[in-house]
Amino acid sequence: MRPRRAALLASLTLLIVAGSPLLRAAELTIPPIPYHQRTLANGLQVLSVEDHASPNVAVQVWYHVGSKDDPQGRSGFAHLFEH
């Protein structure tokens, strides 16, 4: 009976310890990120965020190409742009 009791106690302790970060994560609030959005004359959408915490610049380019963007009756363009 003692090994069972020890296993039960270990399981309960593990559940309490493993569950406590989940409770703290639920209380975590993330502040909103201020960003600027504009559209250039050629239709390019530009989103920018200033963060002076470090002297780095990062650039991401996202293309709207996928099967949902193929013209009606024509398919395969997404696969073509993939390569």
If V49, V61 are placed from fewest to most neighbouring beta carbons inside 10 Å, the sequence is V61, V49
Ordered by fewest other Cβ atoms within 10 Å, a rough proxy for footprinting exposure, S54, S75 read S54, S75
In debye to the nearest 20, the charge dipole size for segment 2-82, taken about the Cα centre with +1 at each Lys and Arg Cβ and -1 at each Asp and Glu Cβ, equals 720
Filtering chymotrypsin sites (Phe, Trp or Tyr not before Pro) in segment 35-83 by DSSP loop and by at most 11 other Cβ atoms within 10 Å leaves Y35, W62, Y63
Once the dipole of segment 2-82 is set up from charges on Cβ (+1 Lys and Arg, -1 Asp and Glu), the residue from the list A10, P71, L44 lying farthest towards its positive end is A10
The percentage of Cα-Cα pairs in segment 2-82 separated by more than 20 Å is 70
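Throughout, read-outs are computed from the coordinates displayed, never taken from laboratory work. What you are looking at is a predicted structure, and each value in this text was computed from that prediction instead of being measured. So basically every Cβ, Gly included, is an ideal-geometry build from the backbone, and we count neighbours across all protein chains shown.
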